[in-house]
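Remarks on the structure that follows.
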Ligand code: PHE
């Protein structure tokens with residue numbers, strides 16, 4: 001071995017070992033053990049160097065000895081550090097990585113505008129004592145149509161193009177949340193005050209103004225002596241909470257099989273800008289929901305005596321409401337999850 005112990009090559013070797021130890025990265029216990037065997041074990045490099053130290057000429061002993069001690073300490077500390085790194089389960093840190101550099105910020109998501117509007121509508125009604133109820137999206141004919149006074153083969157069923165479930169003509173994707181009214185009335189005794197948000201499905205061509213999937217909120221109020229005036233007052237409260245305290249409403253006669261009389265509610269939007277003319281078709285008024293007094297036939301179907309109780313119901317589209325609130329021109333934007341669109345609602349959270 002003597003050939004190894006010429007002084008200059010030896011000093012160079014020490015420097016190489018030092019670098020090797022400093023840069024060492026391990027991934028497992030085996031790596032750590034290999035490191036120990038290579039440098040620190042009895043037959044390892046460092047004990048061998050101490051043996052060799054005896055043969056170093058006296059004049060060079062000081063410099064060589066200092067360097068060797070530094071190397072030994074380095075190897076021992078490194079071994080301990082790697083060992084505790086493995087024990088704590090943490091990966092060994094690459095010394096070239098600066099852990100004090102701040103990471104890239106993580107982006108926080110936003111609520112979807114449909115979700116925000118749904119929450120706002122629901123909370124307005126919760127404040128006046130409405131509870132929230134939900135029903136299934138796949139419904140039977142009874143809850144979606146028959147109990148709601150749509151007779152079989154009645155053309156009124158064509159008002160809402162239905163997606164049927166293959167192999168079972170009795171099952172369909174619900175075309176409106178009015179099906180939840182039926183479920184609530186079947187299961188609860190009046191007085192009933194409930195609001196039912198949910199997803200509905202219609203077999204319609206997709207365009208800027210129509211989609212085959214959308215969301216509605218249904219309201220139902222049943223008690224003794226409930227009048228049309230009660231309905232109007234409740235809807236006026238809603239309109240003023242949602243569209244602003246000065247909002248004006250009007251009720252236009254309409255038709256739904258499950259309400260009698262039926263109406264559509266408009267809010268006064270104004271005619272100030274060109275957009276106002278376009279959205280309101282030049283009238284200044286905008287239709288926002290359908291409503292009416294619950295038809296006695298519907299109460300009967302659900303086991304409620306129409307001689308004792310009366311009530312009103314209403315339903316509105318959430319996307320349509322969100323389009324008005326946020327001035328969104330194309331309904332499809334709500335379903336595409338384009339980040340550039342959704343990011344615009346960050347401040348509205
Ligand atoms: N279900 C009706 C629709 O989808 C809305 C409505 C609900 C009308 C309740 C009156 C009462 O268009």
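For region 191-289, just run the numbers: alpha carbon Rg, then divide by 2.2 N^0.38 Å, N being how many residues it has.
1.24
Find the centroid of the Cα atoms in region 209-226 and in region 97-156, then give the distance between the two in whole Å.
Centre-to-centre (Cα) distance: 12 Å.
Work out, in µm²/s and without decimals, the Stokes-Einstein translational diffusion coefficient of region 202-349 at 10 °C, 1.306 mPa s, Rh from Kirkwood over C-alpha pairs.
93 µm²/s
Have a look at 125, 104, 35 and tell me which one the Gaussian network model of the chain (Cα, springs below 10 Å) gives the largest fluctuation.
35
Roughly what angle does helix 58-87 make with the longest principal axis of the chain, taking Cα atoms, 0 to 90 degrees, to the nearest 10?
Once rounded, one gets 30 degrees.
Using helices alone, what [θ] at 222 nm do you get for the chain, with -39,500 (n - 2.57) per DSSP H run of 4 or more residues, divided over all residues and rounded to the nearest 500?
My calculation for the chain gives -11500 deg cm²/dmol from helical runs alone.
Relative to the longest principal axis of the C-alpha atoms of the chain, give the angle of the C-alpha long axis of helix 228-243, reported between 0 and 90° and rounded to the nearest 10°.
Compared with the principal axis, the helix lies near 30 degrees.
When the C-alpha atoms of the chain are aligned to their principal axes, what extent does each axis show, in angstrom, from largest down?
Cα spread of the chain along its principal axes, largest to smallest: 117, 50, 38 Å.
Quick check for you: which residues of region 261-300 have the amide N under 17 Å from the point 7 Å beyond the Cα of residue 248 toward its beta carbon?
Correct set: 265-273, 276-277, 280-288.
Over what distance in Å are the Cα centres of region 276-293 and region 18-75 separated?
With region 276-293 and region 18-75 each reduced to a Cα centre, they are spaced 86 Å.
Among 313, 208, 147, which one shows the biggest mean-square fluctuation in a GNM of the chain, springs joining Cα atoms closer than 10 Å?
Comparing 313, 208, 147 in a Gaussian network model of the chain, the most mobile one is 208.
With the chain treated as a Gaussian network of Cα nodes joined by springs under 10 Å, which of 129, 284, 44 yields the largest mean-square fluctuation?
Comparing 129, 284, 44 in a Gaussian network model of the chain, the most mobile one is 44.
In degrees, nearest 10, range 0 to 90: what is the angle between the Cα axis of helix 178-187 and the longest Cα principal axis of the chain?
Result, in degrees: 80.
Sort the following peptides by mean Cβ neighbour count (other Cβ atoms within 10 Å, averaged over residues), highest first: 168-178, 270-280.
By packing density, highest mean first, the sequence is 168-178, 270-280.
Between residue 330 and residue 101, how many nm apart are label points set 7 Å from Cα along the C-beta direction?
4.0 nm
No value in this document is a laboratory result; all are computed from the given coordinates. The model shown is predicted, which means the values in this text are computed figures rather than measured ones. Don't worry about glycine lacking a Cβ; one is built from the backbone with ideal geometry, like all the others, and counts go over all protein chains shown.
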